[in-house]
Each structure stands twice: as C-alpha cells, then as structure tokens.
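Shown next, in structure tokens, is the structure this report addresses.
The values are calculated or read from the model by the stated rules, or taken from the named source; none is laboratory data. Every value quoted in this text rests on a predicted model; they were computed, and no experiment measured them. Please note: Cβ atoms are built from the backbone with ideal geometry, for glycine as well, and neighbour counts cover all protein chains shown.
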Amino acid sequence: LRPSSAGVYEITQRVGQAEILPGLRTQVWGYNGIFPGPTIVSRRGHKTVVRHRNELPEPVVVHLHGGRTPAEHDGYPTDLVSPGSVHEYVYPLDQPAATLWYHDHRMDHTGPQVYKGLAGFHLVHDDEEEALPLPKGERDVPLMIADRSFAEDGSMIYPDVHSDFISGVLGDCVLVNGAPWPVMEVTAARYRFRLLNASNARRYRLALDPPPPGGASFIQIGSDLGLLGAPVAHPGLQIAQAERFDVVVDFSGYPVGQEVTLTNRLGQDGTANVMRFVVARKAPDDSRVPGKLTDFRPLSPSEAVAERTFTFQRGGAERHGTSLWTVNGRAFSPDHIAATPRLGTVERWTLRAQNVAHPIHIHLTPFQVLDPGPYATGWKDTVDLASGDQVEVLVRFDSYRGKYVFHCHNLEHEDMMMMANFRII
Ligand code: C2O
Ligand code: CU
Ligand code: CU
C-alpha cells in the first residue's frame, strides 16, 4: 500500500468479495475490502499515519500488534470507530525493524471481526537490518497463516457467539495469505519468510517435507519484535497465535522440480497442509545468514524492580450463565488496573495458565522470557503457555506512560474477558 500525497495511508474497512475456494464467493470484512489487508511498510523512527474509514455495519478498533504506540493510538478495546466515521492512527514506530501486524480489537467482538478478515501486515525496516546480507526483495515474503471453516456456498462459518468456546474457534482449512493450500514457485536459493500465525485459536508445528538436504528446515533470524542476536536452526517450529518467526529457508540443496511441503505436524487433513513450494530453477544467490545479526542484550533478573504474578484461567466470574475467562480471577473491565509499573523500569512477571493453553500478549512493552526454550528467544510480545505451565518474563517499560491491555491471544478467550489493564506511571 502506498501513502497519499500527504503521506497518509488511507484504509477503508468494508465488505468485500473474495474467491478463496475455487468457483465460490466468500464475503469478507476487509481492510480495503481484501483479506489479508494491504501490507504497510514503514521505516524505524518515521511517523506513519493510517486513516481508517469504517464502512462496515459494526464498530471497529484497530490495534497495531507489536507497535510501540502512544496509548491514544494503540486501539484500546473501547476506543471504537463507529460505522460511517473516520479515525486517524499515528504510529511513531521508534523501534527496531520487525514484522508487525494490525488487526481488529473491539471489546467482546475481536474474534468474529478478525475471523471475517480484519488483519494485515505492517513491516518496519531499519538501516541495521538492511545492511545485513539476508534475502531481500522478491525473496523476502510475509506469510500470514490462518484457519477458517467454510459453508457449501463458500461463506465463512463463525459459530454462535454465545456458545461456550473452550479451545476457541478452529477452522478446518488453513489459508496462507488468504489462499488455501497455495503453491509458490521458488528458485534454488535462500528465502526469508516472515511467518505470522493470525489464527484465532490454532497453534501450528511447522516443518518442511522433505527437509532441506543436510540442513534444518528453518534458520530463525528474528522473533516477534525483531532480529535475534544470532541465528537459531530449527528442524520444526511451534508457532502460537499472534507470534511471528522470521526465518530463512535454503532451497539450494533441492533438485530442480522438487515439490516441498510446509506441513503442520499438529494438524490433520486440511489443517496439516499449509502450503507448497516448487523449486523451479537454479539462480544466483549472494545472500547469507551472518553469525551475528544484532546486538542483543539479555535482561538480567537483578534488573527487575517489581515482581507480579498473573494467572489466566477459566472461572472466577460469569456472564450469561457461563464461566468467563479471567486474569487473577477477574473478568476484563476497562476501569480496573491490575498493575502500575514505572516508566523506565524492568519488572519480572510470572504468567500462569490453567485449564487449557493460553498464548499471552502484552501490548506496547517488549519482554524476554527467562527460560525461553527453543521457540521463545529474543524480544517477544506474545508467549505461549501450555495448560498448567508457568513462565517468567522480564518486561521492559521503556516507551510511553498510559493505560494498555495484556490478554490471551486466543481471540475467543480474549472476547470471553481474559484481558487486564496495566498503567505505566
Ligand atoms: Cu494482537 Cu491485543 O492484540
Ligand atoms: Cu498488541
Ligand atoms: Cu487463552
């Protein structure tokens, strides 16, 4: 997407028609009527203004996920843009190069509104990243992975909002950039894929089949909020809702003509098949993955000035006779502040998941996981917790004061009130 002459990105949120399944029309709610929405590309420290016009029949809210954004532009769940009105979001983007995404965040309605199509990429570039010899241009490809279910006529099926979603809404068909089981022609060279799991409720364990001869499927170079200090090789990747993995895949070892499948080892049938690559020809490739990507300084627990514990569980509050999903036993209320960290400090938060798995996302503030395991290295904004799990994160409150939310990014759990506020003072 290109900005207008005044340097403003114009997005109209409207109903659109897409051909997702061959020969069938699917109605989507799209940014500019398309799903995924247009990709916005910004530079670090250059203010980006996005003007959203709401031509949908319902109120919307836009959140830039991973953005270091002043509170009034962060898309607080009750800062509604009503039908027929326009809202300008201003993003300073004073943050390292990273793969961000924007999506709907309307209180109680985020799940259905994102499901209908309100999600898009917003990439941030900077000089440091551009100086690296990583794959670029046509070999730098954002991939938005999201599952959906379709009726016979092609319409998307989102179940009744009053049903009791334990695991959230799972689709039976995986889409990549809005297409089912797509095929991408590649040259026998390195590619950079910015993987985003934009699903409401599904997590994936991704692998290449067959794996690259003599190498790991994925060389991870970045995480949610930018480059890792050094690359990490993975035979497979587990990716929870809202997480991003920036990876390099080397197709040069495959013979020309080889078909390579991106599969989901946690899925079956339509949810096991993600996409295909076909190695079409040999090509020169001067890219490589350097051993050092950026200066990454691990935070130390001794820097933490406060410790807090948040338990994410089902129960503790009710609505319409069903148990709500709570944080420390409370359902979301815009008025209750669960934490008041001080600007310029680091805190140690213990996040605990009960009943089922919960991917926990904290707005605005980057964090590091203390004992990160294979999939949670680097600067994160979302961390996945298995049921019964607990993780410790060091959260750095380094940008703005104000009220922000943190919540489960299973969007049905979020809509069932598994969200809380913190206010940076
Ligand atoms: Cu990706 Cu609060 O959201
Ligand atoms: Cu966010
Ligand atoms: Cu959850």
- prompt: Can you name the residue in the range 335-356 that is modelled with pLDDT under 95 and at negative phi and, of all such residues, is surrounded by the fewest Cβ atoms within 10 Å (Cβ to Cβ)?
  reply: Gln354
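Suppose the filter is in contact (Cβ under 8 Å) with a residue 60 or more places away in the chain, surrounded by fewer than 15 Cβ atoms within 10 Å (Cβ to Cβ) and within 23 Å of the chain's Cα centre (by Cα); does Arg265 pass it? Steps first, please.
Details: in contact (Cβ under 8 Å) with a residue 60 or more places away in the chain: yes; surrounded by fewer than 15 Cβ atoms within 10 Å (Cβ to Cβ): yes; within 23 Å of the chain's Cα centre (by Cα): yes.
Considered against the rule, which asks whether it is in contact (Cβ under 8 Å) with a residue 60 or more places away in the chain, surrounded by fewer than 15 Cβ atoms within 10 Å (Cβ to Cβ) and within 23 Å of the chain's Cα centre (by Cα), Arg265 comes out as yes.
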message: Just to check your reading of the model, which residue among Ala304, Ala280 is closer than 30 Å to Thr350 by Cβ, surrounded by 13 or more Cβ atoms within 10 Å (Cβ to Cβ) and either at pLDDT 95 or above or not assigned by TED's automatic domain parsing to the domain that holds Arg348 (or both)?
response: Ala304
message: Being within 16 Å of ligand 2 (Cβ to nearest atom) and either part of a loop (DSSP other than H, G, I, E, B) or assigned by TED's automatic domain parsing to the domain that holds Phe406 (or both) is the filter here; which residues of the range 42-65 pass it?
response: Val61
message: Whether any residue in the range 399-416 is closer than 22 Å to Val247 by Cα and surrounded by fewer than 21 Cβ atoms within 10 Å (Cβ to Cβ) is what I want to check.
response: no
field: Residue satisfying condition, being among the basic types (Lys, Arg), outside the structural domain of Glu185 (by TED's automatic domain parsing), within 28 Å of Lys403 (Cβ to Cβ) and loosely packed, with under 13 Cβ neighbours inside 10 Å, within set Arg330, Arg319, Arg314
entry: Arg319
- request: Pairs only if they're at least six apart or on different chains, beta carbon under 7 angstrom, first in the range 338-352 and in contact (Cβ under 8 Å) with a residue 60 or more places away in the chain, second among the small types (Gly, Ala, Ser); list them, first residue then second.
  value: Ala338/Ala420; Pro341/Ala306
field: Any chance Ala272 is within 16 Å of ligand 1 (Cβ to nearest atom) and within 23 Å of the chain's Cα centre (by Cα)
entry: no
message: Quick test for you: out of Gly120, Gly171, pick the one residue that is outside any helix (DSSP H, G or I), touching a Gly at 6+ places or on another chain (Cβ under 8 Å), outside the structural domain of Met419 (by TED's automatic domain parsing) and buried (at least 17 other Cβ atoms within 10 Å of the Cβ).
response: Gly120
field: Residues that are surrounded by fewer than 22 Cβ atoms within 10 Å (Cβ to Cβ) and either within 15 Å of ligand 2 (Cβ to nearest atom) or outside the structural domain of Asp335 (by TED's automatic domain parsing) (or both), drawn from the range 366-378
entry: none
- line: Note on the range 123-168: residues in contact with a Cys (Cβ under 9 Å, 6 or more places away or on another chain) and not in a loop (DSSP other than H, G, I, E, B) are Asp147, Arg148, Phe150
query: Scanning for something within 16 Å of ligand 2 (Cβ to nearest atom), in contact with a Lys or Arg (Cβ under 9 Å, 6 or more places away or on another chain), within 25 Å of Val169 (Cα to Cα) and not basic (Lys, Arg), does the range 389-401 turn up at least one residue?
result: no
field: the range 388-425, residues that are under 26 Å from Tyr375 (Cα atoms), more than 12 Å from ligand 1 (Cβ to nearest atom) and of a type in the set (D, E, K, R)
entry: Asp389, Glu392, Arg396, Asp398, Glu412
- prompt: Of all residues in the range 66-115 being part of a strand (DSSP E or B) and touching a helix residue (DSSP H, G or I) at 6+ places or on another chain (Cβ under 7 Å), which is surrounded by the fewest Cβ atoms within 10 Å (Cβ to Cβ)?
  reply: Val90
- request: Among what's in the range 357-384 and is at pLDDT 95 or above and among the acidic types (Asp, Glu), pick the residue that is farthest from Gly229 (Cα to Cα).
  value: Asp384
message: When you check Arg288 against the structure, is it in contact with a Gly (Cβ under 8 Å, 6 or more places away or on another chain) and surrounded by fewer than 17 Cβ atoms within 10 Å (Cβ to Cβ), yes or no?
response: no
statement: Within the range 134-149, residues of a type outside the set (A, V, I, L, M) and more than 17 Å from Leu118 (Cα to Cα) come out as Pro135, Lys136, Gly137, Glu138, Arg139, Asp140
Top-ranked residue in the range 379-398 [being within 14 Å of ligand 3 (Cβ to nearest atom) and charged (D, E, K, R); ranked as surrounded by the fewest Cβ atoms within 10 Å (Cβ to Cβ)]: Asp389
message: Considering only residues that are over 19 Å from the mean Cα position of the chain (by Cα), farther than 19 Å from His63 by Cβ and not acidic (Asp, Glu), which ones fall in the range 379-425?
response: Ser387, Gly388, Gln390, Val391, Leu394, Arg396, Ile425
